[in-house]
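The values are calculated or read from the model by the stated rules, or taken from the named source; none is laboratory data. Note that the structure is predicted; figures quoted are calculated from it, not measured. Methodologically, a virtual Cβ is constructed for each residue, glycine included, from the backbone with ideal geometry; neighbour enumeration extends over all protein chains shown. For accessibility, only protein heavy atoms count, side chains too; no ligands or nucleic acids. Shrake-Rupley method; radii C 1.70, N 1.55, O 1.52, S 1.80 Å.
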Amino acid sequence: MKHKIAPSLLAADFMHLRQAVEMVNDSDADWLHMDVMDGVFVPNISFGFPVLHAVAPVLKKPMDVHLMIVEPQKFIDRVAESGAYMMTVHYEACTHLHRTVAAIKETGMKAWVTLNPHTPIRLLEDIIQDVDMVLLMSVNPGFGGQRFIEHSVEKTARLKDMITRKGLPTLIEVDGGVNMETGKRLLTAGADILVAGDFIFKSPHPMQTIKELKAL
Ligand code: DX5
Ligand code: ZN
(Lines give C-alpha, C1' and ligand atoms only; values in the text may rest on other atoms or scores of the structure.)
(Ligands and ions follow the chains in the order given, each with its own letter.)
Protein backbone atom coordinates (compact mmCIF):
# COMPACT_ATOMS: atom_id res chain seq x y z
CA MET A 1 0.00 0.00 0.00
CA LYS A 2 1.27 3.47 -0.88
CA HIS A 3 1.67 5.48 2.30
CA LYS A 4 -0.90 8.12 3.24
CA ILE A 5 -0.45 11.73 4.28
CA ALA A 6 -2.69 13.36 6.89
CA PRO A 7 -2.18 17.13 7.31
CA SER A 8 -2.93 18.26 10.87
CA LEU A 9 -5.43 21.12 10.95
CA LEU A 10 -3.98 22.31 14.27
CA ALA A 11 -1.25 24.11 12.32
CA ALA A 12 -3.66 25.92 9.95
CA ASP A 13 -4.59 29.60 10.16
CA PHE A 14 -7.80 29.44 12.22
CA MET A 15 -9.07 32.66 10.68
CA HIS A 16 -9.08 30.85 7.33
CA LEU A 17 -10.12 27.31 8.10
CA ARG A 18 -12.22 26.95 4.93
CA GLN A 19 -9.18 27.74 2.79
CA ALA A 20 -7.12 25.19 4.72
CA VAL A 21 -9.76 22.49 4.21
CA GLU A 22 -10.13 23.32 0.52
CA MET A 23 -6.36 23.17 0.10
CA VAL A 24 -6.44 19.68 1.63
CA ASN A 25 -9.32 18.73 -0.71
CA ASP A 26 -7.36 19.85 -3.77
CA SER A 27 -4.06 18.31 -2.66
CA ASP A 28 -2.64 14.78 -2.71
CA ALA A 29 -3.42 14.43 1.01
CA ASP A 30 -5.38 11.31 1.94
CA TRP A 31 -7.00 12.31 5.25
CA LEU A 32 -7.40 15.38 7.43
CA HIS A 33 -6.04 14.94 10.95
CA MET A 34 -8.01 16.79 13.66
CA ASP A 35 -6.52 17.21 17.14
CA VAL A 36 -9.03 17.60 19.97
CA MET A 37 -7.43 18.59 23.32
CA ASP A 38 -9.04 19.13 26.69
CA GLY A 39 -6.43 20.88 28.84
CA VAL A 40 -6.47 17.87 31.22
CA PHE A 41 -4.99 14.93 29.35
CA VAL A 42 -2.62 17.36 27.63
CA PRO A 43 -1.49 20.83 28.77
CA ASN A 44 -3.31 22.64 25.97
CA ILE A 45 -6.83 23.21 24.58
CA SER A 46 -7.38 23.15 20.81
CA PHE A 47 -10.89 22.82 19.38
CA GLY A 48 -13.92 20.61 19.80
CA PHE A 49 -17.18 19.47 18.23
CA PRO A 50 -18.28 22.81 16.71
CA VAL A 51 -15.13 22.82 14.60
CA LEU A 52 -15.53 19.16 13.58
CA HIS A 53 -19.11 19.92 12.53
CA ALA A 54 -18.08 23.01 10.58
CA VAL A 55 -15.29 21.23 8.71
CA ALA A 56 -17.06 17.94 7.88
CA PRO A 57 -19.43 19.25 5.15
CA VAL A 58 -16.60 21.04 3.33
CA LEU A 59 -14.06 18.23 3.65
CA LYS A 60 -13.98 15.70 0.80
CA LYS A 61 -11.55 13.32 2.52
CA PRO A 62 -11.83 11.11 5.59
CA MET A 63 -11.61 12.93 8.90
CA ASP A 64 -9.05 11.39 11.27
CA VAL A 65 -10.00 12.53 14.78
CA HIS A 66 -7.27 12.29 17.42
CA LEU A 67 -8.74 12.73 20.89
CA MET A 68 -6.24 13.95 23.46
CA ILE A 69 -8.81 13.96 26.25
CA VAL A 70 -9.59 12.05 29.42
CA GLU A 71 -12.58 9.68 29.34
CA PRO A 72 -12.89 9.67 25.54
CA GLN A 73 -15.53 6.92 25.81
CA LYS A 74 -18.04 9.58 26.86
CA PHE A 75 -17.84 11.23 23.44
CA ILE A 76 -17.92 8.31 20.99
CA ASP A 77 -21.41 9.11 19.69
CA ARG A 78 -20.61 12.81 19.39
CA VAL A 79 -17.50 12.06 17.35
CA ALA A 80 -19.47 9.69 15.10
CA GLU A 81 -22.20 12.32 14.58
CA SER A 82 -19.58 14.85 13.54
CA GLY A 83 -18.82 12.75 10.47
CA ALA A 84 -15.50 11.25 11.57
CA TYR A 85 -14.24 8.22 9.65
CA MET A 86 -11.93 7.17 12.43
CA MET A 87 -11.56 7.91 16.10
CA THR A 88 -8.33 7.43 17.97
CA VAL A 89 -8.12 7.31 21.75
CA HIS A 90 -5.02 7.31 23.91
CA TYR A 91 -4.03 4.06 25.59
CA GLU A 92 -3.13 6.15 28.65
CA ALA A 93 -6.66 7.66 28.83
CA CYS A 94 -8.65 4.41 28.74
CA THR A 95 -9.12 2.14 31.75
CA HIS A 96 -11.37 -0.18 29.74
CA LEU A 97 -9.76 0.09 26.36
CA HIS A 98 -11.25 -3.11 24.97
CA ARG A 99 -14.76 -1.88 25.76
CA THR A 100 -14.03 1.55 24.29
CA VAL A 101 -12.63 0.07 21.07
CA ALA A 102 -15.72 -2.14 20.68
CA ALA A 103 -18.03 0.85 21.26
CA ILE A 104 -16.20 2.92 18.62
CA LYS A 105 -16.56 0.11 16.07
CA GLU A 106 -20.27 -0.25 16.83
CA THR A 107 -20.82 3.26 15.46
CA GLY A 108 -19.22 2.23 12.16
CA MET A 109 -16.05 4.28 12.73
CA LYS A 110 -12.58 2.77 12.58
CA ALA A 111 -11.07 2.37 16.05
CA TRP A 112 -7.50 3.39 16.69
CA VAL A 113 -5.28 3.48 19.71
CA THR A 114 -2.56 6.06 20.33
CA LEU A 115 0.59 5.60 22.41
CA ASN A 116 2.47 8.44 24.08
CA PRO A 117 6.23 8.44 23.49
CA HIS A 118 6.94 6.69 26.80
CA THR A 119 4.29 3.97 26.47
CA PRO A 120 5.82 0.63 25.43
CA ILE A 121 4.66 -1.24 22.34
CA ARG A 122 4.37 -4.47 24.35
CA LEU A 123 1.27 -3.07 26.11
CA LEU A 124 -0.58 -3.55 22.80
CA GLU A 125 0.00 -7.30 22.84
CA ASP A 126 -3.59 -8.11 23.90
CA ILE A 127 -5.52 -5.36 22.10
CA ILE A 128 -3.78 -4.93 18.74
CA GLN A 129 -5.91 -7.63 17.09
CA ASP A 130 -8.99 -5.50 17.79
CA VAL A 131 -7.80 -2.14 16.47
CA ASP A 132 -7.59 -0.97 12.88
CA MET A 133 -4.59 1.25 13.43
CA VAL A 134 -2.03 2.33 16.00
CA LEU A 135 -0.97 5.97 16.23
CA LEU A 136 2.52 6.44 17.62
CA MET A 137 3.23 9.87 19.06
CA SER A 138 6.68 11.04 18.02
CA VAL A 139 6.37 14.15 20.24
CA ASN A 140 4.64 14.58 23.59
CA PRO A 141 1.05 15.38 22.64
CA GLY A 142 -0.37 18.85 23.16
CA PHE A 143 1.41 21.13 20.72
CA GLY A 144 2.38 21.37 17.09
CA GLY A 145 5.84 22.34 15.94
CA GLN A 146 7.81 20.28 18.46
CA ARG A 147 11.04 18.47 17.89
CA PHE A 148 10.83 14.86 16.67
CA ILE A 149 11.74 12.22 19.27
CA GLU A 150 14.38 10.02 17.61
CA HIS A 151 13.40 6.87 19.48
CA SER A 152 10.14 6.86 17.47
CA VAL A 153 11.85 5.34 14.42
CA GLU A 154 13.00 2.25 16.29
CA LYS A 155 9.62 2.07 18.05
CA THR A 156 7.85 2.09 14.68
CA ALA A 157 10.02 -0.80 13.53
CA ARG A 158 9.20 -2.81 16.66
CA LEU A 159 5.48 -2.18 16.21
CA LYS A 160 5.76 -3.28 12.59
CA ASP A 161 7.45 -6.48 13.77
CA MET A 162 4.63 -7.18 16.22
CA ILE A 163 2.01 -6.65 13.49
CA THR A 164 3.89 -8.87 11.01
CA ARG A 165 4.49 -11.58 13.60
CA LYS A 166 0.77 -11.73 14.36
CA GLY A 167 -0.18 -11.57 10.67
CA LEU A 168 -2.47 -8.57 11.21
CA PRO A 169 -3.54 -5.84 8.75
CA THR A 170 -3.13 -3.09 11.41
CA LEU A 171 -1.88 0.23 10.08
CA ILE A 172 0.75 2.45 11.73
CA GLU A 173 0.33 6.22 11.82
CA VAL A 174 3.03 8.49 13.25
CA ASP A 175 2.34 12.01 14.54
CA GLY A 176 4.71 14.80 15.54
CA GLY A 177 7.76 16.46 14.06
CA VAL A 178 7.32 14.85 10.65
CA ASN A 179 9.25 16.37 7.76
CA MET A 180 10.93 14.94 4.67
CA GLU A 181 13.86 13.55 6.64
CA THR A 182 12.02 12.05 9.61
CA GLY A 183 9.15 11.00 7.34
CA LYS A 184 11.46 8.98 5.10
CA ARG A 185 12.96 7.12 8.05
CA LEU A 186 9.53 6.41 9.54
CA LEU A 187 8.31 4.96 6.25
CA THR A 188 11.39 2.76 5.99
CA ALA A 189 10.70 1.55 9.54
CA GLY A 190 7.14 0.56 8.58
CA ALA A 191 4.84 3.58 9.00
CA ASP A 192 1.75 3.63 6.75
CA ILE A 193 0.42 7.13 7.47
CA LEU A 194 2.36 10.31 8.27
CA VAL A 195 0.68 13.20 10.09
CA ALA A 196 2.29 16.60 9.52
CA GLY A 197 1.22 19.96 10.91
CA ASP A 198 3.77 22.75 10.80
CA PHE A 199 5.77 21.17 8.01
CA ILE A 200 2.75 21.46 5.70
CA PHE A 201 0.86 24.53 6.90
CA LYS A 202 3.91 26.70 7.58
CA SER A 203 5.36 25.80 4.20
CA PRO A 204 5.21 28.53 1.53
CA HIS A 205 3.59 25.97 -0.80
CA PRO A 206 1.53 23.51 1.29
CA MET A 207 0.14 21.59 -1.70
CA GLN A 208 3.62 21.07 -3.09
CA THR A 209 4.88 19.98 0.34
CA ILE A 210 2.07 17.42 0.55
CA LYS A 211 2.99 16.16 -2.91
CA GLU A 212 6.62 15.76 -1.83
CA LEU A 213 5.65 13.91 1.34
CA LYS A 214 3.42 11.66 -0.72
CA ALA A 215 6.29 10.93 -3.10
CA LEU A 216 8.72 9.89 -0.33
C1 DX5 B 1 0.31 17.07 18.72
C2 DX5 B 1 -0.70 16.70 17.67
C3 DX5 B 1 -0.16 16.66 16.31
C4 DX5 B 1 0.40 17.98 15.82
C5 DX5 B 1 1.55 17.65 14.90
O6 DX5 B 1 -0.23 16.85 19.97
O7 DX5 B 1 -1.26 15.42 17.94
O8 DX5 B 1 -1.10 16.15 15.38
O9 DX5 B 1 -0.53 18.76 15.13
O10 DX5 B 1 2.20 18.83 14.59
P11 DX5 B 1 3.66 18.88 13.96
O12 DX5 B 1 3.62 18.09 12.68
O13 DX5 B 1 3.87 20.36 13.73
O14 DX5 B 1 4.60 18.28 14.96
ZN1 ZN C 1 -2.49 14.48 16.38
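Using the Cβ atoms and a cut-off under 14 Å, what net charge is assigned to the surroundings of ALA12, where Lys and Arg are +1 and Asp and Glu are -1?
Once positives and negatives cancel, what remains is -2.
For the chain, what is the percent of antiparallel DSSP beta bridges, rounded to the nearest 5?
Percentage antiparallel, nearest 5: 5.
Could you do me a favour and compute the accessible area per residue for the chain, 1.4 Å probe, result in Å²?
Dividing the accessible area of the chain by its residue count gives 45 Å².
Is there a quick way to get the dipole size of region 4-214? I mean about its Cα centre, with the Cβ of Lys and Arg at +1 and of Asp and Glu at -1; what is the value in debye to the nearest 20?
That gives a dipole near 300 debye.
For region 8-82, what is the percent of antiparallel DSSP beta bridges, rounded to the nearest 5?
About 10 percent, rounded to the nearest 5.
With every protein chain left in place, what is the accessible area of ASP28 in Å² (1.4 Å probe, nearest 10)?
That residue has around 70 Å² of solvent-accessible surface.
Could you derive backbone 3J(HN,Hα) for region 64-70 from the dihedral phi with the Karplus parameters 6.51, -1.76 and 1.60 (θ = phi - 60°), listing whole Hz in sequence and x where the residue is Gly or Pro?
Once rounded to whole Hz, the list reads 9, 9, 9, 8, 9, 9, 7.
I want to verify a result. In a Gaussian network model of the chain, Cα cutoff 10 Å, which of these has the top mean-square fluctuation: GLN73, GLN19, GLN146?
Largest GNM mean-square fluctuation: GLN19.
What list of ³J(HN,Hα) couplings, whole Hz, do you get for region 169-174 from phi and the Karplus terms 6.51, -1.76, 1.60, once you set θ to phi - 60° and write x for glycine and proline?
3J(HN,Hα) across region 169-174, in whole Hz: x, 4, 8, 10, 10, 10.
In whole percent, how big is the carbon plus sulfur part of the accessible area of the chain, probe 1.4 Å, protein atoms only?
54
Apply the Karplus curve 6.51 cos²θ - 1.76 cosθ + 1.60, θ = phi - 60°, to the phi angles in region 203-208 and return the couplings in whole Hz, x for Gly and Pro.
Working through the residues one at a time gives 6, x, 9, x, 5, 5 Hz.
Could you put ILE149, ILE104 in order of accessible surface area, largest first, with the 1.4 Å probe and the full protein assembly present?
Highest to lowest solvent-accessible surface, that is ILE149, ILE104.
If we count every other residue with Cβ under 13 angstrom of ASP175's Cβ, Lys/Arg +1 and Asp/Glu -1, where does the sum land?
Computed value for this residue: -3.
Could you tally the net charge around GLY197, taking each other residue with its Cβ under 15 Å from the Cβ of GLY197, Lys/Arg +1 and Asp/Glu -1?
-4
Run the helix sum for the chain: -39,500 (n - 2.57) per DSSP H stretch of 4+ residues, divided by residue count, reported at 222 nm to the nearest 500 deg cm²/dmol.
-9500 deg cm²/dmol
Going Cα to Cα from LYS4, which lysines come in below 18 Å? Please leave out same-chain ones fewer than 8 positions away.
Partners found: LYS60, LYS61, LYS110, LYS160, LYS184, LYS211, LYS214.
Could you tell me what a quarter of the Cα convex hull surface of region 30-183 works out to, in nm² with one decimal place?
For the Cα atoms of region 30-183, the hull's average projected area reads 8.9 nm².
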